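Visitor: Handing you this structure, nothing more for now.
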Amino acid sequence: MNVVLAVKQYVSKMIEDSGPGMKVLLMDKETTSVVSMVYMQSEILQKEVYLFEHIDSSNRESMKHLKAICFLRPTKENVEYLIKELRRPKYSIYFLYFSNVISKSDVKSLAEADEQEVVSEVQEFYGDYIAVNPHVFSLNIVGCYQGRSWDPVQLSRVTQGLTALLLSLKKCPMIRYQLSSDMAKRLAEGVKQVITKEYELFDFRRTEVPPLLLILDRSDDAITPLLNQWTYQAMVHELLGINNNRIDLSRVPGISKDLKEVVLSAENDEFYANNMYLNFGEIGTNIKNLMEDFQRKKPKEQQKLESISDMKAFVENYPQFKKMSGTVSKHVTVVGELSRLVSERHLMEVSEVEQELACQSDHSNALQNVKRLLQNQRLSELDATRLVMLYALHYERHSSNALPGLLADLRTRGVSEKYRRLVSTVVEYGGKRVRGSDLFSPKDAVAITKQFFKGLKGVENVYTQHQPFLLETLDQLIKGKLKDNLYPYLGPNTLRDRPQDIIVFMVGGATYEEAFTVYNLNRTTPGVRIVLGGTTIHNTKSFLEEVNAAGFHGRSSESSQAAPRSSVRR
């Protein structure tokens, strides 16, 4: 179950099936993202694809010497663009590939438009999602909630994305969903409907233990997306933001022109692939080793190129050297910027208190620590607010709840009303009334171990205690102990054996901390393969956007004893 490989094979097959000759790849905005996540442009160029165009671009030239490979979502707009294209074709021959099921009536309209008979084939290749890591996929949708219901447009898009994922992995699963979420249930029913309607497509070879699709709701664990992260991939997303593997570094002080945007992809970057799940301290060590290795391999300025064999060796090694040089400067820049932000924003102190709020239950100590940090003027608005949010979620019903005082502290330090209002909005979104689970089960008070790595200044090795609630859910599921009354099956059948292939989908977005959890479960649980997907992959900022867009009405009123309660309980 490798989603990157599944999409990669689709793209390779499209290009191979079009045969030899020069080609243009015609895509829409979404399929461009799908392809760019699994292939670099240079790799596709090697396959005789010399031009990349958008189907909606009006100023494309006619190039009859090119074959057109069209990879498009089967939307009404795209079908109309294609009809226009086929009536006045710009290329010699067309291969049409749709990223999802296309209706018979649309195929008929395309056939009628193809008066010049330029279409060679029409196929469905189900790459209708973003393959992030081999075990992680996303639909890049922020804003799927309308209160506690679906935005209808997004429900339809998510249903299509999830059924495409199942088709691409050749899985016809049994479905379980989180009972406390009406949205999880609606999505489960939507997926089931498609499987029933398109039963011929889902007629895969039966496995002894059927695959399982588990649909969850982000609101059951609003803690995980609020925490600072300390593993490489998660930390980069939290502090810099990852958008389709791209990181915008244009705001980094003194950044050079060629590093204003960098790509971090485990497919094409060995250092990233080996380090994405390591913690920040280890990254520091490994960057140092990478630099030393680079220094050793660096061609000496005074190196004499006297013989033909010297020159040949230099030319042969130069591309690898250039690639290594790019990798080194990229990661040194990224880690350097993370390091700068950690010290500038006092993130180690902030993270220590966040961990205490997420994992321990000593109210007076937690309150004291939050109050102490709120006095620190170096804290960013976001970090100050997230501490109060974590406090509000954990101690929502504590007899000594001191939320009004903390909101007043935020106000005193000049935190905008938008952020103060979000505190009660987050509680309304993911507070105790909404959760189907107990997020704060009593845990041992484990002191945070801090280990300082001496070799690289400014990069400390921090171990975090928090485990996403997803770990507990999956652990129960794998052991066959996940309660049917909390996570019912859709339909009469239940799974008797321990599940082997599990697809987890998080309505409202997953996180890279959860991706790391799933990576570890895959590594340590023989015979179990898990893929994690979400409407998006959140960091704190995008999560707060999601909650804000859902339309809950938070109050910034510092006098309210506790956050307003949600009027809906499902």
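The values are calculated or read from the model by the stated rules, or taken from the named source; none is laboratory data. Note that the structure is predicted; figures quoted are calculated from it, not measured. Quick reminder, even Gly has a Cβ in these numbers, built from the backbone with ideal geometry, and neighbours come from all protein chains shown. When the accessible area is computed, the model is the full protein with side chains, heavy atoms only, and any ligands, DNA or RNA have been set aside. Shrake-Rupley method; radii C 1.70, N 1.55, O 1.52, S 1.80 Å.
Visitor: Taking the solvent-accessible surface of protein heavy atoms with a 1.4 Å probe, what is the per residue accessible area of segment 9-128 in Å²?
Guide: In whole numbers, segment 9-128 has 50 Å² accessible per residue.
Visitor: How much accessible area per residue does segment 331-383 have, counting only protein heavy atoms and a probe of 1.4 Å, in square angstrom?
Guide: Working: 2060 Å² over 53 residues.
For segment 331-383, the solvent-accessible area averages 39 Å² per residue.
Visitor: Please report the accessible area of residue 58 (heavy atoms, 1.4 Å probe, ligands and nucleic acids excluded) in Å², nearest 10.
Guide: Surface accessible to solvent at residue 58 totals approximately 110 Å².
Visitor: Projecting each Cα onto the charge dipole of the chain (Lys/Arg +1, Asp/Glu -1 at the beta carbon, about the Cα centre), which of 12, 351, 155 comes out farthest on the positive side?
Guide: Positive-end residue among those listed: 351.
Visitor: Excluding ligands, DNA and RNA, what is the solvent-accessible area per residue of segment 175-281 at a probe of 1.4 Å, expressed in Å²?
Guide: Spelled out: the 1.4 Å probe surface of segment 175-281, per residue, equals 43 Å².
Visitor: On the protein heavy atoms, probe 1.4 angstrom, tell me the percent of accessible surface of segment 192-249 carried by carbon and sulfur.
Guide: C and S atoms contribute 44 percent here.
Visitor: So what's the back-of-envelope 222 nm ellipticity for the chain, counting only DSSP H runs of four-plus at -39500 (n - 2.57) apiece and dividing by all residues, rounded to 500?
Guide: That calculation yields -14000 deg cm²/dmol at 222 nm.
Visitor: Looking at 471, 394, 86, which one has the Cα that reaches farthest to the positive end of the dipole of the chain (charges on Cβ: Lys, Arg +1; Asp, Glu -1)?
Guide: 394
Visitor: Just the number, please: percent antiparallel of the DSSP beta bridges in the chain, rounded to the nearest 5.
Guide: 25
Visitor: Next up: In square angstrom, rounded to the nearest 10, how much accessible surface does residue 192 have for a 1.4 Å probe?
Guide: Rounded to the nearest 10, that gives 80 Å².
Visitor: Mind putting a number on the dipole of segment 85-142 about its Cα centre? Charges go on the C-beta only, +1 for Lys and Arg and -1 for Asp and Glu, and I need it in Debye to the nearest 20.
Guide: My answer is approximately 140 debye.
Visitor: Could you rank 246, 73, 206, 413 by how accessible they are, 1.4 Å probe, largest area first?
Guide: 206, 246, 413, 73
Visitor: Quick one: putting +1 on the C-beta of Lys and Arg, -1 on the C-beta of Asp and Glu, what dipole do you get for segment 461-532 around its Cα centre, in Debye to the nearest 20? Each step should come with its number before you reach the end.
Guide: On the way: 7 positive and 7 negative charges, 47 e Å.
Using only the charged Cβ atoms, the result is roughly 220 debye.
Visitor: Could you pull out the pairs from 76/483; 64/257; 13/90; 288/479; 90/170; 23/170 whose alpha carbons sit more than 31 Å apart here?
Guide: Details: 76/483 42 Å; 64/257 38 Å; 13/90 23 Å; 288/479 42 Å; 90/170 36 Å; 23/170 29 Å.
Table pairs above 31 Å Cα-Cα are 76/483; 64/257; 288/479; 90/170.
Visitor: Can you tell me which of 2-12, 371-381 comes out highest on packing, and rank the rest after it, using the mean Cβ neighbours within 10 Å?
Guide: Numbers: 2-12: 20.1, 371-381: 14.5.
The most tightly packed comes first, giving 2-12, 371-381.
Visitor: In whole Å, what is the distance between the alpha-carbon centres of segment 49-86 and segment 100-175?
Guide: Answer, in whole Å: 18.
Visitor: Also, I was wondering about something else. Give me the net charge of residue 262's neighbourhood, meaning all other residues with Cβ under 10 Å from the Cβ of residue 262; Lys, Arg count +1, Asp, Glu -1. Display every interim value, and only then the final one.
Guide: Working: positive: 246, 260, 330; negative: 248, 258, 261, 269.
Once positives and negatives cancel, what remains is -1.
Visitor: Sorted by accessible area (1.4 Å probe), largest first, how do 37, 291, 63 line up?
Guide: Details: 37 10, 291 65, 63 45 Å².
Correct descending sequence by accessible area is 291, 63, 37.
Visitor: With a ≥ b ≥ c the root eigenvalues of the C-alpha gyration tensor of segment 1-105, is it rounded (a/c under 1.5), prolate (a/b larger than b/c) or oblate?
Guide: Oblate is the answer for segment 1-105, as a/c is 1.5 or above yet b/c matches or exceeds a/b.
Visitor: Amide H to amide H, which residues 5 or more places from residue 123 or on other chains are under 5 Å from it, using H placed in the peptide plane?
Guide: For residue 123, whose amide H was placed from the backbone, the distant partners under 5 Å are 96, 97, 98.
Visitor: Now, a different point. Among [x] 1.26; [y] 1.06; [z] 1.38, which one is Cα Rg over 2.2 N^0.38 Å computed from these coordinates?
Guide: Looking at Cα Rg over 2.2 N^0.38 Å for this model, the match is [y].
Visitor: Would you tell me the accessible area of residue 62, worked out with a 1.4 angstrom probe on the heavy atoms of the protein chains, in Å² to the nearest 10?
Guide: Roughly 80 Å² of residue 62 is accessible to a 1.4 Å probe.
Visitor: While we're on this one: Give the distance, in whole Å, between the Cα centre of segment 382-398 and the Cα centre of segment 480-552.
Guide: Taking the Cα centre of each part, segment 382-398 and segment 480-552 sit 24 Å apart.
Visitor: For segment 110-153, which whole-number percentage of the solvent-accessible area (1.4 Å probe, protein heavy atoms only) is attributable to carbon and sulfur atoms?
Guide: Of the solvent-accessible surface of segment 110-153, carbon and sulfur hold 45 percent.
Visitor: Which one, 253, 283, 226, is farthest towards the positive end of the dipole of the chain when Lys and Arg carry +1 and Asp and Glu -1 on their Cβ?
Guide: 226
Visitor: With a sphere of radius 14 Å drawn around the Cβ of residue 244, what net charge do the other residues whose Cβ falls strictly inside it have (Lys, Arg +1; Asp, Glu -1)?
Guide: Result for the neighbourhood of residue 244: -2.
Visitor: Explain nothing, just the number: dipole magnitude of the chain about its Cα centre with +1 on each Lys and Arg Cβ and -1 on each Asp and Glu Cβ, in debye rounded to the nearest 20.
Guide: Here the chain has a charge dipole of around 740 debye.
Visitor: Using a 1.4 angstrom probe on the protein heavy atoms only, could you order 269, 56 from most to least accessible area?
Guide: 56, 269
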